[in-house]
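Contents: one structure, followed by commentary.
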Number of protein chains: 2
Amino acid sequence: MKVALASNVPGRTTTMSPPSMPGGVVVLTGGVGGAKLALGLSQLLPPGQLTAIVNTGDDFTHLGLHVSPDIDTLLYTLSGRAHAVQGWGRQDESWSFMAALESLGGENWFRLGDGDLALHVLRTARLRAGEPLSRIVASFASQWGLSIRVLPASDERVATTLDCDEGPLSFQDYFVKRRCEPIVRRIEFDGAAESRPAPGVVKAIAAAGAILIAPSNPLLSVAPILAVPGLREALVAASAPVVAVSPLVGGEAVKGPTAVLMRQLGLPSTPRSIATLYDGLIDGLLVDERDASDDLPVPHAVADTLMHTLDDRVRVASAALALARELAAMGAR
Amino acid sequence: MKVALASNVPGRTTTMSPPSMPGGVVVLTGGVGGAKLALGLSQLLPPGQLTAIVNTGDDFTHLGLHVSPDIDTLLYTLSGRAHAVQGWGRQDESWSFMAALESLGGENWFRLGDGDLALHVLRTARLRAGEPLSRIVASFASQWGLSIRVLPASDERVATTLDCDEGPLSFQDYFVKRRCEPIVRRIEFDGAAESRPAPGVVKAIAAAGAILIAPSNPLLSVAPILAVPGLREALVAASAPVVAVSPLVGGEAVKGPTAVLMRQLGLPSTPRSIATLYDGLIDGLLVDERDASDDLPVPHAVADTLMHTLDDRVRVASAALALARELAAMGAR
C-alpha cells in the first residue's frame, strides 16, 4: 500500500509547521546516512525530543584506544564538526599525530586525526576507569551542547565480524583495511548474546511517538543494534509506528557496501529486500523515488531520499515523520 | 684539586680532534639540560659510542597514556625535533587534540601536542602488549635514525614523589600542576626498591671509557636513576672515571627547581653541595666558571657550562670528556 504524504512536497519543507511528536522520536542509526537523517530530524523537532540509538558493532580497539566510529560520526554531524565530504572524521582536522606515528613505524591503515583523537583518548580513559559508554557519550553530547540524546545500543561489547571467503574479518579489517573487497558469506555479532540495551534505550522506544530506522546499512549498521537482546522486542512492543528509510537509491547504496553485501547474501538490492530484512519489525518504509515499486509487503511512501544539503536532510526527515504520522492515524499499531 | 683542561678553550672546540673513547661514553641524564649535553656528546663521538641512561621518575599515566617526559625530551633533542625555546615538546607542534579535549571537558593542565601524542599512544599500546619500555624506546630511537643508545634507567616503575608542606605530591603534580611552589621536605622514589636496571645499563657502565652525570637536577633527575638497586653499585665498580657536570650557574639552576629544592632541603646551592650529593660516586666535577671555588672535595675543572647554542653544547661535552680523560690519566680509578 502506498501512503500519500501531504507534507512530502519537494522544496516545500520550509513552509511546514514543526512536527511536534508526543513521546519524542527515536531513530536507530549507523554512520553517515543515519547521521544526516538525525541532523534533519534535529532541525524539525523541539529540543529534547530526539533520541538516537547508535550502532556500536563497528567499535574497535586501535593502538589501545576505543574507537566508536558511528557514535563519533553522529556527534560530529550534530555539532557541526563533521567533514563535509569524506564521510568520516572532522572538518579542519590536522594530522600531526599520524605523521609522527608513521615516523615511529606505527600502524597507519586507520587514520586518526589530531582532534578526533581527543574523543578516543578520553573515552578510553573513562571506560578504563569503569564508566559505561552511554554515560561517556552523554557527557560528550552535553559538552557540545547537543539537545539530542545519543545512546549506544549497548554498553557491552557487540563486535561485528564478517565471515568472508578468505576467513573471518573484524568489521574494520573488512571495511577499512580490505575496502569491502572480500566476499561475505555471513555476518556475526560477537558478544551480542551477553549484551543488554544501554540504560534509557528501552524506555525511549516505549515512550516514543515515532520510531525511525535510518537509511543505514541494514546488515552492518542496524542488525548489530537489533542483535542486542531485548531491543527488537522493545521495538515490536512499542506503541509508536516503526518506519524505516530505505538506504537504496536506484538500487545502490549512496555510500558503503549495502547493495553489494545484499547481493552477496542472495538478496536483490531492492526496497522489497529491505522490507524483508525488517520483516515483523517495521510498519512502513520510505522508499526513494528512483526505487518506487508497488510490489512491497509493507505500507510505504516515496520521496527523493538523497541528502546532499541540509534542506535535503530536513526534507527526508520530514517525509519519514509524515509517514509515521499517517501510519499512526491509520492505526498501524 | 683543580684540573687544567688542555681542550677547554672557549671558542676553540672546532679545532679539536674527535675524542674517541674506548668502551664508549655513558651519560646519566634527566630532561632538557641533560639532553643538551647528550646532543653535544653525540657531535663529538663516533656513532654507537654514546649510551644515555635516562631518568624515568617523572613518568606518569595521563588520560590512560604512559608519558615519559625525559626520554621524549632526549629523543626529540637528539633527532632535531625538540622545541628550541619552551624546554619540552616538539617544534612545529599542532594543538588540535588539546582544543578538542578541552571542548569535551577533559583535563588540560598537562599539554599534549598532536605529534607528541604519537609517542605516548604507541608506547602505551606496546607496554600494554607486554613489551618492556627499554625495547620500545630503542625502537623509537632506531626509527628516528639515532646512533645513540637510549636506555631507561629501569623498565620497572620508579615514581618520584615529593613530600611537601601540603602533603605528598606526584612529580607532575608538583612540577606542572603546582609549578614547583610547594615547599619540599623529602623526596621518595616509589617502586625503586623493586626495580632493576634495564637490560644493557649495567653492561654499558662496566664497559664505558668515561661516565658522565649530566647537569640535570641531582635530587629529581639523577637520584631516581641512582635509586634503582644495582645502578649505584655499577657506577662505583666501573673502571671508568665518573664526572658530573654541575647543574648550577652562578648558584642557580638554568631551568627548573634544582637550586630552590637544594635550599629547601638544607643544602646551599653551591658546587660543593653538588659534590656532597654525589659523594662516593664521582671522581670529578665540571663546575661553571661563575661558581669557581677551591673549596671542593673532588677534583674539578672549570668551564662556561651555559648551553644556548649547539657550539656551547659541544664545548661543555668536550670539557666533561676532557676532565674524564685527565682523571683516567691521573689514575683516578
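The values are calculated or read from the model by the stated rules, or taken from the named source; none is laboratory data. Every value quoted in this text rests on a predicted model; they were computed, and no experiment measured them. No Cβ is skipped: glycine too gets one built from the backbone with ideal geometry, and neighbour counts run over all protein chains shown.
Annotations
- Selection from region A:93-120 of residues that are of a type in the set (Asp, Glu) and more than 8 Å from chain B (Cβ to nearest Cβ): A:Glu102, A:Glu107
- A:Ala129 being at the interface with another protein chain (Cβ under 8 Å from one of its Cβ atoms) and surrounded by fewer than 18 Cβ atoms within 10 Å (Cβ to Cβ): no
- Taking the criterion of being surrounded by 20 or more Cβ atoms within 10 Å (Cβ to Cβ) and either touching a Ser or Thr at 6+ places or on another chain (Cβ under 6 Å) or within 9 Å of chain B (Cβ to nearest Cβ) (or both), the only residue of region A:132-143 that qualifies is A:Phe140.
- Of the residues examined, A:Leu119 is one that is out of contact with any strand residue (DSSP E or B) (no Cβ under 7 Å at 6 or more places or on another chain), in a helix (DSSP H, G or I), touching a residue at least 12 places away in the same chain (Cβ under 8 Å) and within 26 Å of A:Lys255 (Cα to Cα).
- Residue count for region A:172-184, restricted to those that are within 23 Å of A:Val228 (Cβ to Cβ) and either outside any helix (DSSP H, G or I) or among the polar types (S, T, N, Q) (or both): 2
- Filter pass, A:Gly113 being in contact with a strand residue (DSSP E or B) (Cβ under 8 Å, 6 or more places away or on another chain) and not aliphatic (A, V, I, L, M): yes
- For region B:32-88, a residue qualifies if it is outside any helix (DSSP H, G or I) and of a type in the set (Asp, Glu), and the qualifying residues are B:Asp58, B:Asp59.
- Filter result for B:Arg123 (basic (Lys, Arg), within 14 Å of chain A (Cβ to nearest Cβ) and crowded, with 17+ Cβ neighbours inside 10 Å): yes
- Qualifying residue in region B:76-92 (condition: more than 8 Å from chain A (Cβ to nearest Cβ) and either within 28 Å of A:Ala141 (Cβ to Cβ) or over 22 Å from the mean Cα position of the chain (by Cα) (or both)): yes
- Lone qualifier among A:Ser139, A:Ser68, A:Ser154 - being farther than 28 Å from B:Glu93 by Cβ, out of contact with any Phe, Trp or Tyr (no Cβ under 8 Å at 6 or more places or on another chain), at pLDDT 95 or above and of a type in the set (Ser, Thr, Tyr): A:Ser154
- Enumerated helices (runs of 4 or more DSSP H) restricted to region A:212-275, each holding at least 3 residues that are under 24 Å from A:Arg325 (Cβ atoms): A:231-237
- Matching residues, region A:1-45, being of a type outside the set (S, T, N, Q), surrounded by fewer than 13 Cβ atoms within 10 Å (Cβ to Cβ) and either closer than 19 Å to A:Ala208 by Cβ or at pLDDT 60 or above (or both): A:Met1, A:Ala4, A:Ala6, A:Pro18, A:Pro22
- Top-ranked residue of region A:292-314 - restricted to ones that are acidic (Asp, Glu) and at pLDDT 95 or above, ranked as nearest to A:Ser273 (Cα to Cα): A:Asp304
- Boolean, B:Glu156 is more than 22 Å from B:Ala35 (Cβ to Cβ) and loosely packed, with under 15 Cβ neighbours inside 10 Å: no
- Filtered by the rule that a residue be touching a strand residue (DSSP E or B) at 6+ places or on another chain (Cβ under 9 Å) and part of a strand (DSSP E or B), region A:154-170 gives A:Ser154, A:Ala159, A:Thr160, A:Thr161, A:Leu162, A:Asp163, A:Cys164, A:Pro168, A:Leu169, A:Ser170.
- Conditions (1) under 21 Å from A:Leu65 (Cβ atoms); (2) at pLDDT below 95: number failed by A:Glu166: (1)
- Filter result for A:Glu107 (more than 14 Å from A:Ser68 (Cα to Cα), in contact (Cβ under 8 Å) with a residue 40 or more places away in the chain and among the acidic types (Asp, Glu)): yes
- Meets criteria (more than 17 Å from A:Pro69 (Cα to Cα) and touching a residue at least 12 places away in the same chain (Cβ under 8 Å)) for A:Gly145: yes
- Any chance A:Leu146 is more than 8 Å from every other protein chain (Cβ to nearest Cβ), of a type outside the set (Lys, Arg), assigned to a loop (DSSP other than H, G, I, E, B) and surrounded by fewer than 23 Cβ atoms within 10 Å (Cβ to Cβ): yes
- Summed over region A:199-211, residues that are over 15 Å from the mean Cα position of the chain (by Cα), in contact (Cβ under 8 Å) with a residue 40 or more places away in the chain and either within 19 Å of A:Val158 (Cα to Cα) or not in a strand (DSSP E or B) (or both) total 7.
- Every residue from region A:244-260 that is surrounded by fewer than 22 Cβ atoms within 10 Å (Cβ to Cβ) and within 17 Å of the chain's Cα centre (by Cα): A:Val249, A:Ala253, A:Val254, A:Lys255, A:Gly256, A:Pro257
- Flag if A:Thr124 is closer than 23 Å to A:Ile53 by Cα and in contact (Cβ under 8 Å) with a residue 60 or more places away in the chain: yes
- Residue in region B:105-112 that is crowded, with 17+ Cβ neighbours inside 10 Å and in a strand (DSSP E or B) present: no
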